[in-house]
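Values in this text are rule-based calculations from the coordinates and carry no lab data. Everything numeric here is computed off the predicted structure, so don't read it as measured data. Please note: Cβ atoms are built from the backbone with ideal geometry, for glycine as well, and neighbour counts cover all protein chains shown.
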There are 2 protein chains.
Amino acid sequence: MDPTALLASLKPEAKKINIAMQEDIRVIRDGLLREVLEHSLFNGGKRVRPLLSVFCARLCGCTDEALYNLAIAFEYLHVATLLHDDVIDHADQRRGQQTVNTIWGGTPAILAGDYLHARLGGRQCLDIICRATAAMVEGEFLQLHNAGNADLSATDYFKIIEGKTAILIAAVCEIGAVFGGTTVEQQKALRNYGSGLGQAFQVVDDLLDYLGDPASTGKAVGNDFIEGKMTLPLIHALCNAEPQEHDLIRSLLSEPEAKRRYHIATVRQLIEKYDGFGYAKQQAKILVDAATSELNIFTAGSTAETKAILIGLADYVLTRKK
Amino acid sequence: MDPTALLASLKPEAKKINIAMQEDIRVIRDGLLREVLEHSLFNGGKRVRPLLSVFCARLCGCTDEALYNLAIAFEYLHVATLLHDDVIDHADQRRGQQTVNTIWGGTPAILAGDYLHARLGGRQCLDIICRATAAMVEGEFLQLHNAGNADLSATDYFKIIEGKTAILIAAVCEIGAVFGGTTVEQQKALRNYGSGLGQAFQVVDDLLDYLGDPASTGKAVGNDFIEGKMTLPLIHALCNAEPQEHDLIRSLLSEPEAKRRYHIATVRQLIEKYDGFGYAKQQAKILVDAATSELNIFTAGSTAETKAILIGLADYVLTRKK
């Protein structure tokens, strides 16, 4: 499916998701809380998680409109994470706009995230959502331990991104399947699709951190390295680098964060020398191919269009620029 | 029931609650996350919320040991709130010990709170818990709007404490009743008992902020005023104060927080002049009396001991020094 056709298929569903969220937060009496949530929820988000859930449910034959009410839970969870992350990172920009903590301070940002967590209550499959959230926090802790660790292995990198990104995307797809009502095998296939997609998504995210255009990503280049986050391009380069290059990276990581920003060009050169970006792109491609091959289990002719959309979404993960 | 007998009745239940929490967090693989949670969960907490839930369930005839697994959810929710509050307030002490944000930084504190939220999943009555959490956040927002507002009315004060404290305590008691299996009237009575108790608890908390001994409360005197939080003793004093006394308080509140700490003695004098502390104590007593009278609906002889414990807990709210 070409990007234009994909976008055309996603748009009406994204609109329904937005409407469901708007109706859901209309009940909030507190004006500031509503304003904070509107700012964070309607901020150019692509609705990847709820869309995945909706299309996975459709793939399993679901026609129930209550689906949107379930799907928005994933956007809530995602946005709650972003709100708290921005406080943690003292981030002032998100999607090219000022963050909640910048405009209103850390207190409304933390509380609004907690509010979104509380809004998950009463939704179906909350167990799977909660397990995914707990795994997400464990992934963040693993990342925290490994900040500035020049010896982080690719295995541990994949453990981190599985926790912080892929488990939730897998849950999103699995819950779509559960809601749609399907066989255990199909449910498992959609969970695996989500997991591969989620990992690829994060690998590409980490690539964009080095290679993205700040004007479209809304983020500064090399932010991960500044924060001491070791990602696949650099891990791959270090796997092949000379001892003195290891020493160089180690010495840069031991400097205070404020100074690291002046060494991004050096780090990028090293990654390019060992084709770390090419390697990471290739890994993302392998993950996406494995993910889409899971969809082969759905053979019914009526599912062809939805399957094409899910494959299109997976391809989009590889080509996205922001 | 005298304090010694009450304590003797609470102790074995508190122990079972602690064991349930210990077993529950044993599954966490990440060493730091486990350490952070052990520090925050086993830190001299009185387990008021899970104990209330357990005894409300017992009052309704519940003998199911699975009750403890449900009850710990309330301690999780409470501790998650404390973790996030300490980040928001940049607090360095909690129950006489260093806070998580002081020892390990804001990131583990926010994430550990999120983890505890995620651990609520899969418990019974999650709907009631989530609604109470959402109300709690709304209460915090209402407090936020009114920081430094010298004209806060007693009505708005009670709205704030209902949201930030009482709704959760009411939910704790109601869920105990639901778990115990009881009539709608008894369920409602226990919800009202919890609501009154929760309000009284917060009124006393606000009293202790001015009158408590920092050595036993673990908190600095006058902290609420420093943060611009208007509480019942001062609201009552201002209701009766002269215009120039209003102006004085308004001018103190307009000073930067760092300077307000030097004016606590002045504020306390004003409160004492109009017997604001006596008034707040009296209001707490009225709330506790109304709360315990809700228990009259339980007339069975077999419930006498549990009823005495719940009345004892309510009395404890009035007499506690920390």
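Can you give the local net charge around B:Thr231? Use residues other than it whose beta-carbon is closer than 11 angstrom to its beta-carbon, Lys and Arg +1, Asp and Glu -1.
Numbers: positive: B:Lys229; negative: B:Asp205, B:Asp206, B:Asp209, B:Asp224, B:Glu227.
In short, -4.
At A:Asn296, label 7 Å along Cα→Cβ: distances to the other copies, nm, ascending?
7.5
For region B:3-319, what class follows from the C-alpha gyration tensor (a ≥ b ≥ c being the square roots of its eigenvalues): rounded when a/c is under 1.5, otherwise prolate if a/b is larger than b/c, else oblate? Numbers along the way, then the final one.
Values: a/c = 2.03, a/b = 1.31, b/c = 1.55.
Oblate.
How would you rank A:Arg29, B:Arg191, going from fewest to most other Cβ atoms within 10 Å of each one's own Cβ?
Least crowded to most crowded, the residues run A:Arg29, B:Arg191.
Hey, got the dipole for region A:3-319? About the Cα centre, +1 on K and R Cβ, -1 on D and E Cβ, debye to the nearest 20?
660 debye
Run through the other copies and list how far each one's label point is from that of A:Pro214, in nm with one decimal, shortest first; the point sits 7 Å from Cα along Cα-Cβ.
In nanometres, ordered from closest: 4.5.
How far, in whole Å, is the closest Cβ of chain A from the axis that maps A onto B, and which residue does it belong to?
Output: A:His117, 2.
Whole-Hz Karplus ³J(HN,Hα) for region A:65-81, in order, using 6.51 cos²θ - 1.76 cosθ + 1.60 and θ = phi - 60°, x for Gly and Pro?
Per residue, the Karplus-derived 3J(HN,Hα) values read 6, 5, 3, 5, 5, 6, 5, 5, 4, 6, 5, 4, 4, 4, 5, 4, 4 Hz.
Going down the list B:Lys11/B:Lys188; A:Lys322/B:Lys229; A:Lys229/B:Lys259; A:Lys16/B:Lys229; A:Lys16/A:Lys229; B:Lys259/B:Lys285, which pairs span over 31 Å between their C-alpha atoms?
Beyond 31 Å: A:Lys322/B:Lys229; A:Lys229/B:Lys259; A:Lys16/B:Lys229; A:Lys16/A:Lys229; B:Lys259/B:Lys285.
Applying the Karplus parametrisation 6.51 cos²θ - 1.76 cosθ + 1.60 with θ = phi - 60° to the phi angles of region B:306-322, what ³J(HN,Hα) value in whole Hz is obtained for each residue in order, glycine and proline being reported as x?
Each residue of region B:306-322 in turn: 4, 4, 4, 5, 5, 5, x, 5, 5, 5, 4, 4, 6, 9, 4, 10, 8 Hz.
Picking from B:Ile129, B:Thr165, A:Gly106, whose Cα lies most toward the positive end of the charge dipole for the protein assembly as shown (charges on Cβ: Lys, Arg +1; Asp, Glu -1)?
Highest projection toward the positive end goes to B:Ile129.
How far apart are the B:Gln124 label points across copies, placing each 7 Å from Cα toward Cβ, in nm, shortest first?
2.4
Using a Gaussian network model on chain B with a 10 Å cutoff between Cα atoms, which of B:Ala280, B:Ala215, B:Ala177 fluctuates the most?
Sorting by GNM fluctuation, first place goes to B:Ala215.
Just for the Cα atoms in the protein assembly as shown, what are the lengths along the principal axes, largest first, rounded to whole Å?
Computed over the protein assembly as shown, the largest-to-smallest principal extents equal 75, 54, 42 Å.
Tell me the angle of helix A:31-41 to the major Cα principal axis of chain A, expressed in degrees between 0 and 90 and rounded to the nearest ten.
Rounded to the nearest ten degrees, it is 70.
Could you check the simple spin-label distance between B:Thr102 and B:Glu23, using points 7 Å along Cα→Cβ, in nm with one decimal?
3.4 nm
To make sure I understand, if each residue's beta carbon is the centre and we count other beta carbons within 10 Å, what order do A:Arg34, B:Arg26 fall in, fewest to most?
Working: A:Arg34 16, B:Arg26 8.
With the fewest neighbours first, A:Arg34, B:Arg26 line up as B:Arg26, A:Arg34.
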